[in-house]
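A.B. asks: The structure that follows is given in the form of structure tokens.
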Amino acid sequence: MRAALVAEYRKLVTTRMWWVLLIALAAYLAFIGGVMGFSLTVAPQPEDGTAMLEGAELAAAVYSLVNAVGYVFPLVIGSLAMTMEFRHQTITQSLLVEPRRSVFLGAKLLVTVPLGLLYGLVATVAVVGVAGPLLEVAGDGAFLTDGRVLQVILLGVVVSALWAVIGVAFGSVLTNQVAAIVVILAFTQFVEPIARLGLGAFDATEGVARFLPGAAADGLMGASFFAAFGGGESDLLPRWAALLVLLAYAGGLALVGRLTTLRRDIG
Amino acid sequence: MVSGPPLVVEGLAKSFGAVRAVDDLTFAVRPGAVTGFLGPNGAGKTTTLRMLLGLTRPTSGRALVGDRPYAEHPRPARVVGAALDASSFHPGRSGLGHLEVYAAQVGVSRQRAHDLIELVGLAGAADRRVGGYSMGMRQRLGLATALLGDPPAVVLDEPANGLDPEGIVWLRRLLRTFADEGRTVLISSHVLAEVQHTVDDVVIIAAGRLVHASSLAALADLAEPETYVESPDPEALARLAADRGWTARPEGAGLLVSAVAGAEIGAAAYANGIELHQLAGRGVGLEDVFLRLTGGAR
Ligand SMILES: Nc1ncnc2c1ncn2[C@@H]1O[C@H](COP(=O)(O)OP(=O)(O)O)[C@@H](O)[C@H]1O
Ligand SMILES: [Mg+2]
């Protein structure tokens, strides 16, 4: 397994994709952090009192953009780690040197954890680095010493790693690279936000929305930008349950990938 | 000396839907020799090799490397070095980077990756991205990947594709060295001429079935000698051929006679007072034998 991990690590770092996406992530989140930090502090607030959050709550919600906006990046890099193998047919060579397909899949899942942590770290630095000073200067404060806010920030990094793992697992189910990216973008940018709104609108289904992957990730962080400003459901899963839900997504998808894609003939 | 494992294919079959790609195939590949695995395009060579290497599951039958299937060896890449597809590289990775990725799992050092990239003549392109490699360079990189683990058996699918003539000579020498060291060497090709000077044994398949397995020499015995004969009096020569019942067809200014030795033709012409200007053996038509063997199964 150690050898498989080293190989998977080298696969990640010997192409440019990981740092290209990382730079895009940093730039994008710094921009979003700036826009949100600005519009929630400096820009005039609506008169009808819709400023729903303030103080530490507001800071935590802004910092949770790492998940609300940033999760697509670790998800994509994770899925690429798997779909690249099929796109360029390197899966053949990979399974020649490691015919135990569960070991192959396991190594890929594990090795994206540190990469996902790195993505989370960079995303957090980008958001907090830009939005923090804005909140401090023009708002109620950055609250970077507040225990609850720090938890949100730290768990945002953890959440990012989970997204990367879920990405690998998803790539093992949908191995067509273009299709995988399209589905990820469509799901994260349209389907889930709409589903969260829609499900959250009715009492009967309100509880269900919390189990959507993005909502579960918000639950793990303990703050939701989406819930705070987008309307929809406001109660999140407790942290332990949210963690279990996310692990279930990763494990479930990986299991499906193992039983379909990785049981088939290669080539 | 290395003691290479024999490769054994027993009753192997693979269906893709209605297509019977490999059909009840049985043969063995011995160590210490270069074996050519031959057949026209679509004959089932790649499918057979993929089953041998545990990438494709047989519909029935089995394939063994030594005493067990490939995938059941603890470090399979150290037993069989295989190169299947010249295009199986990430285009954004450097040649050296590619080797280093797989070196880890083969269980060899990065230094070994360096050594191999030199061995296959890619030292100058080691840090260039594979996307810019030519077909021949990819073949060489694939070969280097196969050799990472210094394997006692080597399996190469169409390794001569895209290699320049110089590269083919180089490959031939390398494979010869491997066989002489006692390794098992199996290479596939759809052109007999490409490997004719490289292989000791041949396994020929067509439409998924075995049509011939022997030494190259035994294959040559199946070839009928042809003799080219030319006379200033072609009509007399044609009459002679008809009288004697020779199988002959016109070629150029003369006749091409099958399965009759040059001496016999010369003697017959002399006895009939026919002047000859050329009488030349055409060697053995191995390619014809190959075509005859593989065409018949269609
Ligand atoms: N994955 C596949 N799905 C369907 N048919 C296949 C597949 N792989 C090979 N075939 C078919 O099996 C036959 C043998 O192919 P192949 O083993 O690639 O032949 P060769 O390598 O001798 O050219 C061909 O008819 C080919 O179309
Ligand atoms: Mg082939």
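A.B. asks: Work out the mean other chain Cβ neighbour count within 10 Å for the residues of A:81-93 and drop it here as an integer. Numbers along the way, then the final one.
C.D. replies: Numbers: counts 0, 0, 0, 3, 2, 0, 2, 9, 6, 9, 2, 8, 15.
Across A:81-93, the average partner-chain Cβ count within 10 Å equals 4.
A.B. asks: In a Gaussian network model over chain A where Cα atoms closer than 10 Å are linked, find which of A:A254, A:A169, A:A204 has the largest mean-square fluctuation.
C.D. replies: A:A204
A.B. asks: Size of the stretch A:2-259 along its principal axes in angstrom, Cα-based, largest extent first?
C.D. replies: Principal-axis extents of the Cα atoms in the stretch A:2-259, largest first: 65, 40, 30 Å.
A.B. asks: For the stretch A:60-212, what is the relative contact order in percent, using Cα pairs closer than 8 Å and at least 6 residues apart in sequence?
C.D. replies: 39 percent
A.B. asks: Specify the angular offset, from 0 to 90 degrees and rounded to the nearest 10, of the alpha carbon long axis of helix A:2-13 from the longest principal axis of the alpha carbons in chain A.
C.D. replies: For A:2-13 against chain A, the angle is about 60 degrees.
A.B. asks: Tell me, how many Å apart are the Cα centres for the stretch A:135-198 and for the stretch A:1-29?
C.D. replies: 18 Å
A.B. asks: What FRET efficiency, computed as 1/(1 + (r/R0)^6) with R0 = 22 Å and r the Cβ-Cβ distance, is obtained for B:H190 and A:V178, rounded to the nearest 0.05?
C.D. replies: Using R0 = 22 Å, I get an efficiency of 0.10.
A.B. asks: Give, in nm to one decimal, the length gained when the segment between A:L121 and A:V191 is fully stretched (0.36 nm per residue of separation minus the Cα-Cα distance).
C.D. replies: 22.5 nm
A.B. asks: Would you mind counting up the charge near B:Y102? Only other residues with Cβ under 13 Å from its Cβ, with Lys and Arg at +1 and Asp and Glu at -1.
C.D. replies: Overall, the nearby charge balance is +3.
A.B. asks: Starting from the Cα of B:R62, step 7 Å toward the Cβ, then list every residue of the stretch B:3-22 with an amide N under 18 Å from that point.
C.D. replies: Taking a point 7 Å out along Cα→Cβ of B:R62, the residues of the stretch B:3-22 whose backbone N falls under 18 Å are B:5-14.
A.B. asks: Relative to the Cα centre, what is the charge dipole magnitude of the protein assembly as shown, using +1 at the beta carbon of each Lys and Arg, -1 at the beta carbon of each Asp and Glu, and rounding to the nearest 20 debye?
C.D. replies: Result for the protein assembly as shown is approximately 1000 debye, rounded to the nearest 20.
A.B. asks: What's the extension gain from A:V137 to A:F211 if we count 0.36 nm per residue and subtract their Cα-Cα distance?
C.D. replies: 23.0 nm
A.B. asks: OK, next. Counting only C-alpha contacts under 8 Å and six or more residues apart, can you give the relative contact order of the stretch A:2-259 as a whole percent?
C.D. replies: About 27 percent, as a whole number.
A.B. asks: How about A:K11: which lysines have a C-alpha closer than 22 Å to its C-alpha, ignoring those fewer than 8 places off in the same chain?
C.D. replies: Within the straight-line cut-off, A:K11 pairs with A:K108.
A.B. asks: Sum up the charges of everything whose Cβ sits under 11 Å from the Cβ of B:L49, counting Lys and Arg as +1 and Asp and Glu as -1, but leave B:L49 out.
C.D. replies: Cβ neighbours under 11 Å give a net charge of -1.
A.B. asks: Right, something else. Total Å² of accessible surface buried at the A-B contact, 1.4 Å probe, nearest 100? If you can, show how the numbers build up before the last one.
C.D. replies: On the way: alone 12550 and 14050 Å², together 24010 Å².
The A and B chains share an interface burying roughly 2600 Å².
A.B. asks: Ok, one more. Quantify, in whole percent, the carbon and sulfur part of the accessible surface of chain B (1.4 Å probe; protein heavy atoms only).
C.D. replies: 51 percent
A.B. asks: Could you work out the mean count of beta carbons from other protein chains within 10 Å of each residue's beta carbon in B:49-59? Could the numbers behind the result be given before it?
C.D. replies: Working: counts 1, 4, 1, 0, 6, 5, 8, 4, 4, 1, 0.
Per-residue shielding by partner chains comes out at 3.
A.B. asks: Let me ask something else. Looking at chain A as a GNM with Cα springs under 10 Å, which of A:V165, A:V66, A:V97 has the largest mean-square fluctuation?
C.D. replies: The residue that fluctuates most here is A:V97.
A.B. asks: Ignore the peptide's own chain and count Cβ atoms of other chains within 10 Å of each Cβ in A:3-10; give me the average, rounded.
C.D. replies: Partner-chain Cβ atoms within 10 Å, mean over residues of A:3-10: 5.
A.B. asks: Averaging sequence separations of C-alpha pairs under 8 Å and six or more residues apart, then dividing by the length of the stretch A:156-267, give the relative contact order as a whole percent. Spell out each step's value before the answer.
C.D. replies: Numbers: 113 pairs, mean separation 39.4, N = 112.
Reported relative contact order: 35 percent.
A.B. asks: Of B:V185, A:V245, which has the most accessible area and how do the rest follow, probe 1.4 Å?
C.D. replies: A:V245, B:V185
A.B. asks: Antiparallel as a % of all DSSP beta bridges within chain B, to the nearest 5?
C.D. replies: Of those bridges, close to 65 percent are antiparallel.
A.B. asks: Let me ask you something else. Using only the alpha-carbon atoms, how far is helix B:135-147 inclined from the longest principal axis of chain B? Give it as 0 to 90 degrees, nearest 10.
C.D. replies: 60 degrees
A.B. asks: Dipole magnitude of chain A about its Cα centre, charges +1 at Lys/Arg Cβ and -1 at Asp/Glu Cβ only, in debye to the nearest 20?
C.D. replies: With Lys and Arg at +1 and Asp and Glu at -1, about 1660 debye.
A.B. asks: Work out the FRET efficiency for A:R100 and B:A217 from their Cβ-Cβ distance, taking R0 = 35 Å, and round it to the nearest 0.05.
C.D. replies: Working: r = 42 Å, r/R0 = 1.20.
FRET efficiency, A:R100 to B:A217: 0.25.
A.B. asks: Quick check on the stretch A:112-249: take the gyration tensor over C-alpha atoms, sort the square-rooted eigenvalues as a ≥ b ≥ c, and tell me if it's rounded (a/c under 1.5), prolate or oblate.
C.D. replies: The shape class here is oblate.
A.B. asks: Per residue, how much accessible area does the stretch A:2-259 show when a 1.4 Å probe rolls over the protein heavy atoms, in square angstrom?
C.D. replies: I get 41 Å² per residue for this part.
A.B. asks: Once neighbouring chains are kept in place and the probe is 1.4 Å, which whole percent of the accessible area of the stretch A:2-259 is contributed by carbon and sulfur?
C.D. replies: 72 percent
A.B. asks: With a Förster radius of 35 Å, plug the Cβ-Cβ distance of B:V19 and B:S134 into 1/(1 + (r/R0)^6) and report the FRET value to the nearest 0.05. Mind showing how you got there, number by number?
C.D. replies: Values: r = 32 Å, r/R0 = 0.93.
Once rounded, the FRET efficiency stands at 0.60.
A.B. asks: Does any residue of the stretch B:100-116 lose at least 30 Å² of accessible area with all protein chains in place compared with its chain alone, and if so which ones (probe 1.4 Å)?
C.D. replies: At a threshold of 30 Å² (probe 1.4 Å), the residues of the stretch B:100-116 that become less exposed are B:V101, B:Y102, B:A104, B:Q105, B:R110.
A.B. asks: Restricting to bridges with both residues inside the protein assembly as shown, how much of the DSSP beta-bridge set is antiparallel, in percent to the nearest 5?
C.D. replies: Of those bridges, close to 65 percent are antiparallel.
A.B. asks: Still on this model: When a/c reaches 1.5 or more, the comparison of a/b and b/c decides; with that in mind, is the stretch B:92-236 rounded, prolate or oblate per its Cα gyration tensor?
C.D. replies: prolate
A.B. asks: Under a Cβ-Cβ cut-off of 10 Å, what is the net charge of the residues other than A:R263 that fall near it, where Lys and Arg count +1 and Asp and Glu count -1?
C.D. replies: Numbers: positive: A:R101, A:R258, A:R264, B:R57; negative: A:D265.
Charge balance in the 10 Å sphere: +3.
A.B. asks: Follow-up. Ignoring everything except DSSP H segments at least 4 long, calculate the 222 nm mean residue ellipticity for the protein assembly as shown; use -39,500 (n - 2.57) per segment, divide by total residues, nearest 500.
C.D. replies: Numbers: 24 runs with 299 residues, N = 565.
Rounded to the nearest 500, it is -16500 deg cm²/dmol.
A.B. asks: Additional query: Cut-off 10 angstrom, C-alpha nodes, Gaussian network model of chain A. Which of A:P238, A:P74, A:P213 fluctuates the most?
C.D. replies: A:P238
A.B. asks: On C-alpha positions alone, give me the angle between the axis of helix B:95-106 and the longest principal axis of chain B, in degrees, nearest 10.
C.D. replies: Tilt of helix B:95-106: around 70 degrees.
The values are calculated or read from the model by the stated rules, or taken from the named source; none is laboratory data. The model shown is predicted, which means the values in this text are computed figures rather than measured ones. Here the Cβ is made from the backbone with ideal geometry for all residues, glycine too, and neighbour counts use every protein chain on show. Each accessible area value is taken on the protein alone, full model and side chains, heavy atoms only, with ligands, DNA and RNA left out. Shrake-Rupley method; radii C 1.70, N 1.55, O 1.52, S 1.80 Å.
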